[in-house]
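Trainee: Below is a structure I'd like to ask you about.
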Amino acid sequence: MTKSVLGIIGGSGIYELPGLEKAEWVKVESPWGEPSDELRIGEVGGMTVVFLPRHGRGHRLSPSDINYRANIDVLKRAGVTDLISVSACGSLKEELAPGTFVLVEQFIDRTFAREKSFFGAGCVAHVSMAYPVSPKLVDAIEAAARAESIRHRRGGTYLAMEGPQFSSLAESHLYRSWGCDVIGMTNMPEAKLAREAEICYATVAMVTDYDSWHPEHGEVDITMIIRVLKDNAENAQRLVGRIAKDFPREHPACPVGSDTALEYALMTAPDM
Ligand code: ADE
């Protein structure tokens, strides 16, 4: 059995992780370029927890400028086995009001200006993305959300858009007609790259707004988002603290094969 190392990628509003013991910022080099920031590596109850602020401290990087490959690579180098992304999102469903934490199970990737794979150019691999999140990680998040009385819903489809502009009204209606639940700008290609790196991945999508479709809520407004982000951040920090405290110290095998994703994925002959 491998020891669990829990990774947390903090999105907008989450730039630190209070409660980490013996924590220090560590610079990890990557052949894939510059990650968003140094890693904040510490412990919770004896387990290593590795935190990365996705936009960098001070929120310097827009979603299209994030080097997702370098981020996943440095987390892998730090030994992360299980990775939770904590991300702000818009709601595409009436019942998912701002403040709700959605434990996403599926993604639709509409991003187009990002590097999406570690493979290609001499080494070709096709990993499965049929089940992009690891159910055992979602179990851990759900149990923690219950224990901390945080409003949440298990399940939902996350539409990843390029941004940085928010959606038009027509786009927002289109994504609703596709059955999507939440919309954000950052979880793709992050989830795909985590799978290629054989890291179990799950997302806590924290609703900040109703995107642009809701007749009573009007356009997305960044001032409102920041206000909700502040409330969400406190809950997110409590949630992550609880997940880490209760997390299995031995990495549980992933029922959807996230941690063995490359076993049958490589196309290139080894001696070529
Ligand atoms: N992040 C937070 N709210 C969002 C929205 N409505 N669309 C895309 N990304 C978001």
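The values are calculated or read from the model by the stated rules, or taken from the named source; none is laboratory data. Everything quoted here is computed from the prediction, not taken from an experiment. In this analysis, Cβ positions are derived from the backbone assuming ideal geometry, glycine residues included, and neighbour counts consider all displayed protein chains. With ligands, DNA and RNA removed, areas are computed over all heavy atoms of the protein, side chains included. Shrake-Rupley method; radii C 1.70, N 1.55, O 1.52, S 1.80 Å.
Trainee: Given R₀ = 35 Å, FRET efficiency for residue 165-residue 131 by Cβ-Cβ distance, to 0.05?
Mentor: Computed FRET efficiency for residue 165 and residue 131: 0.70.
Trainee: Now for a different question. Take the solvent-accessible surface of the protein heavy atoms, probe 1.4 Å, and return the percent of it on the chain that carbon and sulfur atoms account for. Let's see the in-between values first.
Mentor: On the way: 6440 of 12060 Å².
The computed percentage sits at 53.
Trainee: May I pose another question? For the chain, what is the Kirkwood hydrodynamic radius in Å, using each pair of distinct C-alpha atoms?
Mentor: Taking the inverse mean of 1/r over all distinct Cα pairs, the chain comes out at 18.7 Å.
Trainee: Also, quick follow-up: Which residue, 15, 158, 68, has the most motion in a Gaussian network model of the chain that connects Cα atoms within less than 10 Å?
Mentor: Looking only at 15, 158, 68, the biggest GNM fluctuation is shown by 15.
Trainee: Determine the percent antiparallel among the DSSP beta bridges restricted to region 1-90, to the nearest 5.
Mentor: The antiparallel proportion sits near 45 percent.
Trainee: To continue, here is another question. Taking every DSSP beta bridge that has both residues in the chain, what percent is antiparallel when rounded to the nearest 5? List each step's numbers first, then the result.
Mentor: Numbers: 17 of 46 bridges.
Within the chain, antiparallel bridges account for around 35 percent of the total.
Trainee: Follow-up. Would you mind getting the accessible area per residue of region 125-272, heavy atoms of the protein chains only, 1.4 Å probe, in Å²?
Mentor: In whole numbers, region 125-272 has 46 Å² accessible per residue.
Trainee: Sticking with this structure for a sec: Sketch the reach of a paramagnetic label on residue 227 as a point 7 Å from Cα along Cα-to-Cβ, and name the residues of region 83-102 whose backbone nitrogen lies under 18 Å away.
Mentor: Hits in region 83-102 for residue 227 at 18 Å: 89-91, 97-100.
Trainee: When the chain is treated as a GNM, springs tying every alpha-carbon pair under 10 Å, which of 231, 37, 259 comes out with the largest mean-square fluctuation?
Mentor: Residue with maximal mean-square fluctuation among 231, 37, 259: 231.
Trainee: Quick one: which of 27/245; 76/230; 22/245; 22/136 span more than 22 angstrom between C-alpha atoms?
Mentor: Check vs 22 Å cut-off fails for 27/245; 76/230; 22/136.
Trainee: With +1 on each Lys and Arg Cβ and -1 on each Asp and Glu Cβ, how big is the dipole of the chain about its Cα centre, in debye rounded to the nearest 20?
Mentor: Approximately 360 debye in magnitude.
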